[in-house]
1. Within the stretch 417-433, can you find the residues that are closer than 18 Å to ILE505 by Cβ and touching a helix residue (DSSP H, G or I) at 6+ places or on another chain (Cβ under 7 Å)?
2. Condition (residue is among the acidic types (Asp, Glu), modelled with pLDDT under 60 and either buried (at least 18 other Cβ atoms within 10 Å of the Cβ) or part of a helix (DSSP H, G or I) (or both)) applied to the stretch 7-27: is it met by at least one residue?
3. For the condition modelled with pLDDT under 85 and hydrophobic (A, V, I, L, M, F, W, C), what is the one hit in LEU266, LEU257?
4. Looking only at residues that are more than 29 Å from VAL588 (Cβ to Cβ) and in contact with a helix residue (DSSP H, G or I) (Cβ under 9 Å, 6 or more places away or on another chain) in the stretch 459-481, which one is modelled with the lowest pLDDT?
5. Kindly establish whether PRO84 is surrounded by 14 or more Cβ atoms within 10 Å (Cβ to Cβ) and either touching a residue at least 12 places away in the same chain (Cβ under 8 Å) or not assigned by TED's automatic domain parsing to the domain that holds TRP161 (or both).
6. Specify which of the listed residues (GLY147, GLY143, GLY162) is modelled with pLDDT of 85 or more and either over 26 Å from LEU52 (Cα atoms) or assigned to a helix (DSSP H, G or I) (or both).
7. What pairs can you find where one residue is in the stretch 127-142 and surrounded by fewer than 16 Cβ atoms within 10 Å (Cβ to Cβ), the other is of a type outside the set (Val, Ile, Thr), and their Cβ atoms are less than 6 Å apart, with a gap of 6+ or different chains?
8. Answer yes if at least one residue in the stretch 602-615 is in contact with a Lys or Arg (Cβ under 9 Å, 6 or more places away or on another chain), crowded, with 21+ Cβ neighbours inside 10 Å, among the aromatic types (Phe, Trp, Tyr) and farther than 23 Å from LEU457 by Cα, and no otherwise.
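The values are calculated or read from the model by the stated rules, or taken from the named source; none is laboratory data. Predicted model, so just to flag it, every value in this text is computed and none were measured. Cβ atoms come from the backbone with ideal geometry, glycine included; neighbour counts cover every protein chain shown.
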Amino acid sequence: MQDKDSTEQIKDLQARLEHQEEINRFTLDALELAASLIDFQPRISSLESPSLILDEICNRIARLIDFQALGIYLVDEQDNDFYPAYMTPAKYNEALAQETGRLIDKGFFPWAMREKRPVILAGSCKDRNIVLHVLSTSARVRGMFVGLIGSEVHTVPDVSWGLLTIVLSSSANQLESFELYKLFRESNIHLKKIVQERTKQLEAQASYDRLTHLPNRDMIFKNLEKQIRWCLHTNDQCQAAFILVDLDMFKEVNESLGHQTGDRLLVQVGERLQELTDDCEILGRLGGDEFALVFTGNDVRKQATKRAGQMIQAMARPFELQGQSLLLDVSIGIAIFPEHGKTLGQILSRADMAMYAAKRMKTGYAVYDPKFESSGINRLNLMSELKKGLQHDQLSLYFQPKINLHTSRVCGVEALIRWHHPTRGFISPEEFIPLAEQGGLIRELTSRVIRMSMEHLQHWKAIGISIPVSINLSVRDIQDNNLPSQISSAIENHALDASCLELEITESAFMSAPQKGLRVLKNLDSLGIPMGIDDFGTGYSSIAYLRDLPVKIIKIDRSFVMDMDSNDNNRKIVKSIIDLGHNLDLQVVAEGVESRTSLDMLKELGCDMAQGYFILKPRPFDELTDWLQKKTDLQKL
């Protein structure tokens, strides 16, 4: 046992001795390296040939660190480009040039210039590393050192890296005093062309959108500015058109189908728009879901509106993505120089106003009009006041009853949000609901409708009125994963049954985000809440979607019902929808019933339910409650 302890002690002493020898050896190597630099500055100061100076620099560096290959790139005084001035050994020139070109492409040179220390980067091959170190003086950057080294880069002592910095700093100061750049430029024309080609590629990347390969925002704006200047210096009749194209509901496509699918959609949009573009027109992508077209002429308004119409038609064709057809709407704004503005900023902002006006009015495109200025301000003010309205309970519910056409009894009511502004009076839902969607208030608005509906249902239950309330959901609502739990909690907190509520969505709302929307709707269906499709016949959906959706009701859009007594085609459409619904075991509701003739025709066609002004206009809660207590049986209808 004692012999074993002695052996361990001897091994420990040997290990300590070897460690101390290693430290001493490292210290001696460091001193030797430092000593080798004593004559470096006088040596390169005596050299007058550029190639000799660079050769001396690289020889000294090779003694410090065992590089496989190394080179020095200098900065051209005339165009501030890096170009290769020296490489060694020759057999690694191609590999070093390729690695350096890759780093230039990726923008590592500017980063290394700021570091002012060795920067170690992974090479394109395994076990290959690239070392970058800037050559700079206190005045400016002179060049860049590039070294090729294997995995041994991790064993290079810190002192060697420090000495490398000293060598390159001294070299940069010496290069400051020589007129070498002209000589290097003349003797390295071939290598400089490589750098120039790389520069052109980088410039192209800076001017074109990487996804669609169309001119990007900067290039489009510069071109528009150039066209404006050209018009100013030619004749009074020259005009420049700027057409701004925005994809409606693109955010929902990204959220429901994923960003890769969204990118593919943008590429297809760019290709379709490019097909419409003449050689004298410039099409570009501004970023996100915005595209733009720029061109000049003597009467561009007519050409611009014609082009906008063609763009809308091109977008009307379905896009095939992930095995399904997707329809896309666009909103287009047009502004013309000098009619709508004298500066680049004015043209851009007024095209933007026109685009939002087209989106708001659902006209497809709009040419700038001064009234859009006040309209935009009014919209911002109204959005701000809507926030206050929600905070101060200015919004209330009106209800419109539905009747069962087989029994003539009231079978439900639809909740309709109304806003009575303290100074503006009644504000139409068609005006403030789009604002709520754009301003991020729609979910709060829906929560308010759900809460108020639950309170009114609770009151009706207490006085013996038992009918369901229908609530409309927006695009944002059916993408809200928290909506099912929110509704479930509201029903439970008010001691009500899930069947007391019905939810309505439009075809277009579902089609804007079908996958995510379907998940939310299925979760709502699992709660036992009946759901229906509102405005059926006006959207995009196919029979396949109608088959897969967890709906029990379809509501025929009022546009088909209101004049079905005078329009035979509308009557046929209504009959087809009723038959389709019944074949799929769905109940059918007709809205927009405004005459006895329409009501009688719906009964004859076998429609299940109806609502409209002929039955009763929307009424506030108290008035509808009195009406329900008196009119639950509507045999006279």
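1. Across the stretch 417-433, the qualifying residue is only ILE417.
2. yes
3. So the residue among LEU266, LEU257 that is modelled with pLDDT under 85 and hydrophobic (A, V, I, L, M, F, W, C) is LEU257.
4. ASN481
5. Taking the combined requirement at face value, the residue satisfies it.
6. GLY162
7. Listed by first residue and then by second, the contacts come to ASP127/GLY150; ASP127/SER151; THR137/ALA172; THR137/ASN173; THR137/GLU176.
8. Looking for residues that are in contact with a Lys or Arg (Cβ under 9 Å, 6 or more places away or on another chain), crowded, with 21+ Cβ neighbours inside 10 Å, among the aromatic types (Phe, Trp, Tyr) and farther than 23 Å from LEU457 by Cα, one finds none in the stretch 602-615, hence no.
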